[in-house]
Amino acid sequence: EIKGIPPQHFTRSMHLMGEAATADDFLREPGKHDIVHIATHARMNHWYPMYSSIRWSNRRLELRDILSTRIPARLVVLSACESGMASSALDDIPSGHDLVSFPRAFLSAGASAVIASLWLVEDEATASLMSRFYSNLVRSKRIGESLVDAQRQFIAEAKSAGKPAHPFYWGAFFLVGDGR
C-alpha cells in the first residue's frame, strides 16, 4: 500500500516495510514525522481493551504502549482492518460510548487527527483510496476534505469502470480529531 503513495507527497518520510517494520523502530520515530501511516493488522481485544494491538514484524504494539508514547503527529493513518473499533473498559458503560480505541489512544498520545477503519477492508481498494487521499492532501492540506474527496473519487471512478462502488470498499474510513 505504501508503495502506491508517491514519495514526492512528503518532504520527509521514512518507510518501515516488511521485516524492517518493527514496533521498536516505530516507537523511536513517531515524534519526528508530521504524518504517520500504518498499514498492517489491528486487533481490538474487547475483554481487555488495553491489550488491543497493532501487528509489526517483531511483535504486537499494544494500545497501552501507544498511550505511554509521545506521538505529536499532525495525522496518524491506521490503514488496518477494524482499527477504529472501540471497546468499553467496564461492562456497565452503554454501547456507543467508546472509551478505549486506537484513535483515542493516538489522540491522547499527542496526534492531532487519526484516520481509522470500522470494518474489515479490502487491500486493493484501500491502497487505491489512500493514494487518492494523499494526492488530495498535498493539494488542499485539509485532512477531512481530502478523505471525503478521495471517497467521492473512488465512487466515481469505480462506477465509470463498471466496478463495485459499494460503501464496503470506501466507507470504512473515518476521521477523528482536527481535520483542518
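When region 33-68 is examined, which residues are found to be open to solvent by less than 50 Å² (accessible area, probe 1.4 Å), touching a residue at least 40 places away in the same chain (Cβ under 8 Å) and among the acidic types (Asp, Glu)? Passing the criteria: only ASP65.
Of all the criteria given as (1) hydroxyl-bearing (Ser, Thr, Tyr); (2) within 16 Å of the chain's Cα centre (by Cα); (3) surrounded by fewer than 18 Cβ atoms within 10 Å (Cβ to Cβ), the one not satisfied by SER140 is (2).
Within region 160-173, restricting attention to residues that are aromatic (Phe, Trp, Tyr) and touching a helix residue (DSSP H, G or I) at 6+ places or on another chain (Cβ under 8 Å), which residue is surrounded by the fewest Cβ atoms within 10 Å (Cβ to Cβ)?
Narrowing region 160-173 to residues aromatic (Phe, Trp, Tyr): 168-170, 173.
Narrowing the set further to residues that are touching a helix residue (DSSP H, G or I) at 6+ places or on another chain (Cβ under 8 Å) leaves 169-170, 173.
Values: TYR169: 20, TRP170: 24, PHE173: 23.
Top of the filtered list is TYR169.
Given the criteria among the charged types (D, E, K, R), buried (at least 17 other Cβ atoms within 10 Å of the Cβ) and under 15 Å from HIS37 (Cα atoms), does ARG104 qualify? So ARG104 fails the test.
The values are calculated or read from the model by the stated rules, or taken from the named source; none is laboratory data. What you see is a predicted model, and the numbers here were worked out from it, not measured in a lab. In this analysis, Cβ positions are derived from the backbone assuming ideal geometry, glycine residues included, and neighbour counts consider all displayed protein chains. Surface areas here come from the heavy atoms of the whole protein model, side chains and all, with no ligands, DNA or RNA. Shrake-Rupley method; radii C 1.70, N 1.55, O 1.52, S 1.80 Å.
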